[in-house]
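Trainee: Got a structure here, written out as structure tokens. Questions coming.
The values are calculated or read from the model by the stated rules, or taken from the named source; none is laboratory data. Because the structure is a prediction, the values reported are computed rather than measured. Quick reminder, even Gly has a Cβ in these numbers, built from the backbone with ideal geometry, and neighbours come from all protein chains shown. Ligands, DNA and RNA are excluded from the accessible area calculation, which covers all protein heavy atoms including side chains. Shrake-Rupley method; radii C 1.70, N 1.55, O 1.52, S 1.80 Å.
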Amino acid sequence: MEKFENVTYFNHPLIQHKISILRKKETGTNEFRHLVEEIAMLEGFEALNDLPLEEVEIETPIEKCKTPMIAGRKLAIVPILRAGLGMVEGILALVPSAKIGHIGLYRDEETFEPHEYYCKLPSPIEERTIVVCDPMLATGGSAIDAITMIKKHGGRNIKFMCIIAAPEGVKALHEAHPDVQIYIGHLDRCLNEHAYICPGLGDAGDRIFGTK
């Protein structure tokens with residue numbers, strides 16, 4: 001796999017262990033859902049390490065002091081519906097004040113191309129750090145289209161976070177949006193003829209929500 005600028009792969013043992021449990025076909029909905037949240041929080045801890053800080057005066061039980069706090073507009077978390085919703089609570093655990101947008105895309109079962117059906121973003125989106133999340137980066141089509149929509153609405157400082165990815169999707173997303181920082185829990189082998197990630201973890205949305 002060729003290396004790309006702005007692409008981070010997580011090798012942390014906790015992330016890798018939890019992803020391995022996600023993959024197991026016998027992992028149930030409740031455990032799967034909690035694991036997705038936990039992995040999102042672990043990835044978010046690293047992905048948000050460049051948030052700007054400012055000195056703010058507070059008063060402790062001992063004295064007044066100046067101490068660093070996150071500066072500027074609140075973070076925007078934008079899950080790609082519906083599987084991306086599973087990652088939101090994990091990121092919110094780190095930044096409870098974050099605003100949440102939503103982008104709805106569905107995949108054509110014949111062409112595998114994504115189609116938009118919903119887009120709602122916090123305003124002013126152009127002043128926010130934006131974290132787009134989706135557990136899986138397969139062909140890259142949904143992530144590319146979601147980020148294109150955000151940019152059309154004025155978004156500039158964009159990060160994309162996923163749990164597993166196929167090399168084809170990483171390459172496509174990086175080529176379409178080289179300015180976007182990409183964070184990946186694990187790089188899988190390839191896509192199969194149905195555009196599913198191999199070895200993958202099945203359909204993340206179905207496994208998060210208990211649907212078929």
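Trainee: Kindly rank 125-138, 173-186, 57-70 from highest to lowest mean number of other beta carbons found within 10 Å of each residue. It would help to have the intermediate numbers written out before the result.
Mentor: Working: 125-138: 24.1, 173-186: 19.1, 57-70: 8.9.
Going by the mean number of other Cβ atoms within 10 Å, highest first, we get 125-138, 173-186, 57-70.
Trainee: So, for the chain, what is the accessible surface per residue at a probe of 1.4 Å, expressed in square angstrom? Present the calculation step by step, with values, prior to reporting the outcome.
Mentor: On the way: 11100 Å² over 212 residues.
Dividing the accessible area of the chain by its residue count gives 52 Å².
Trainee: Over 21 Å between Cα atoms: which of LYS24/LYS212; LYS3/LYS152; LYS25/LYS159; LYS3/LYS171; LYS3/LYS99; LYS120/LYS212 fall into that group?
Mentor: LYS3/LYS152; LYS25/LYS159; LYS3/LYS99; LYS120/LYS212
Trainee: Got a number for carbon plus sulfur as a percent of the chain's accessible area, 1.4 Å probe?
Mentor: On the way: 5770 of 11100 Å².
Carbon and sulfur: 52 percent of the exposed surface of the chain.
Trainee: Measuring from centroid to centroid over Cα atoms, what is the spacing of the stretch 142-212 and the stretch 57-90 in Å?
Mentor: The two parts, judged by their Cα centres, are 24 Å apart.
Trainee: Another question about this same structure. Please give the contour-minus-distance gain from THR29 to GLU5: 0.36 nm per residue of separation, less the Cα-Cα distance, rounded to one decimal in nm. Kindly include the intermediate steps, with their values, before the conclusion.
Mentor: Details: separation 24, 0.36 × 24 = 8.64 nm, distance 3.52 nm.
Gain in length upon complete extension: 5.1 nm.
Trainee: If we count every other residue with Cβ under 13 angstrom of PRO52's Cβ, Lys/Arg +1 and Asp/Glu -1, where does the sum land? Before the final figure, lay out the partial values.
Mentor: On the way: positive: ARG73, LYS74, ARG128; negative: ASP50, GLU54, GLU55, GLU127.
With Lys, Arg at +1 and Asp, Glu at -1, the net is -1.
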